[in-house]
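Report on the following structure.
The values are calculated or read from the model by the stated rules, or taken from the named source; none is laboratory data. Because the structure is a prediction, the values reported are computed rather than measured. Here the Cβ positions follow ideal geometry from the backbone for every residue, glycine too, while neighbour counts run over all protein chains shown. SASA here: full protein model, heavy atoms, side chains in, ligands and nucleic acids out. Shrake-Rupley method; radii C 1.70, N 1.55, O 1.52, S 1.80 Å.
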Amino acid sequence: MSKTVGILGFDEVEALDLVGPYEVFTTAERVSLREGLGSNFKVISIAKNDSFTARAGLTINSQFLLEDAPALDVLIVPGGVTTAVEADSEIIGWLSKQGLQTEIVASVCTGSFLLAKANLIGEKSVTTHWEDIADLRAKFPLVNVIEGVRWVDSGKLVTSAGISAGMDMSLHLVERLG
């Protein structure tokens with residue numbers, strides 16, 4: 001059965017944190033179909049607005065708005081500059097709701113800050129980019145932050161360090177879900 005993978009977009013997102021996992025899952029889907037194994041993943045982008053601007057100025061169009069997104073099996077929250085998103089009650093509320101409904105919630109880099117803000121971490125272990133470890137610990141002192149790893153799989157919650165680690169985590173999820 002095909003899994004719907006939603007990737008959250010927002011202004012100041014790190015483009016590769018979003019498109020890296022997008023490419024991993026869409027490539028896995030393409031290979032599966034080519035090999036006659038059927039559909040494994042439907043990958044979509046979701047955002048508060050019709051478009052958003054990544055950190056380096058790239059404008060990306062979302063496929064779904066928060067309120068129109070279909071039910072998700074996997075939610076991936078990329079990183080970037082997350083300060084404004086942490087203060088956005090609509091996005092944080094949506095993340096909290098999705099966290100209760102999805103099979104897996106995953107983050108890349110500072111996306112873990114958004115998961116913490118949405119109260120989706122609890123007592124589970126997480127990681128983030130090495131440059132952001134101290135800030136995550138300071139901002140969310142109850143979160144068990146693991147350093148020196150590429151990703152942490154805590155069951156329903158899976159978090160990764162920076163850009164390439166997000167792609168490694170996505171490959172791990174493809175294997176886990178496949």
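Between a residue in the stretch 153-178 that is of a type outside the set (Gly, Ala, Ser) and any residue that is open to solvent by 60 Å² or more (accessible area, probe 1.4 Å) and part of a helix (DSSP H, G or I), which pairs come within a Cβ distance under 8 Å, given they are 6 or more apart or on different chains?
Short answer, once both residue conditions are applied: 153/176; 163/16; 167/23.
Could you tell me which residue of the stretch 27-58 is least open to solvent (accessible area, probe 1.4 Å), considering only residues that are at pLDDT below 95 and among the hydroxyl-bearing types (Ser, Thr, Tyr)?
The qualifying residue least open to solvent (accessible area, probe 1.4 Å) is 32.
Which residues, taken from the stretch 114-146, are out of contact with any Ser or Thr (no Cβ under 7 Å at 6 or more places or on another chain) and at positive phi?
Across the stretch 114-146, the qualifying residue is only 122.
If I ask for residues that are assigned to a strand (DSSP E or B) and charged (D, E, K, R), which ones from the stretch 144-165 would you list?
153
Would you check which residues across the stretch 80-91 are in a helix (DSSP H, G or I) and crowded, with 18+ Cβ neighbours inside 10 Å and list them?
Result: 85, 91.
Among the residues of the stretch 55-79, which ones are part of a loop (DSSP other than H, G, I, E, B) and either without any contact (Cβ under 8 Å) to a residue 12 or more places away in the chain or not basic (Lys, Arg) (or both)?
Correct list: 56, 57, 58, 62, 63, 69, 70, 71, 72, 73, 78, 79.
Does residue 32 satisfy being over 19 Å from residue 105 (Cβ atoms) and hydroxyl-bearing (Ser, Thr, Tyr)?
Yes.
Determine, yes or no, whether residue 122 is more than 14 Å from the chain's Cα centre (by Cα), over 24 Å from residue 26 (Cα atoms) and open to solvent by 20 Å² or more (accessible area, probe 1.4 Å).
yes
Across the stretch 92-111, what is the total count of residues that are of a type outside the set (Gly, Ala, Ser), at pLDDT 95 or above and outside any loop (DSSP other than H, G, I, E, B)?
Count: 9.
May I ask you to list the residues in the stretch 104-128 that are closer than 11 Å to residue 157 by Cβ and touching a residue at least 40 places away in the same chain (Cβ under 8 Å)?
Residues satisfying the conditions are 104, 105, 106, 107, 112, 115.
I'm trying to understand the selection: among the residues of the stretch 11-26, which are assigned to a helix (DSSP H, G or I) and open to solvent by 50 Å² or more (accessible area, probe 1.4 Å)?
16, 19, 22, 23
Among (1) among the charged types (D, E, K, R); (2) assigned to a helix (DSSP H, G or I); (3) open to solvent by 60 Å² or more (accessible area, probe 1.4 Å), there is one condition residue 168 misses while meeting the rest; what is its number?
(3)
Sort out which residues of the stretch 125-143 are in contact with a Phe, Trp or Tyr (Cβ under 8 Å, 6 or more places away or on another chain) and either part of a strand (DSSP E or B) or open to solvent by less than 40 Å² (accessible area, probe 1.4 Å) (or both), and write them in order of number.
127, 128, 132, 136, 140
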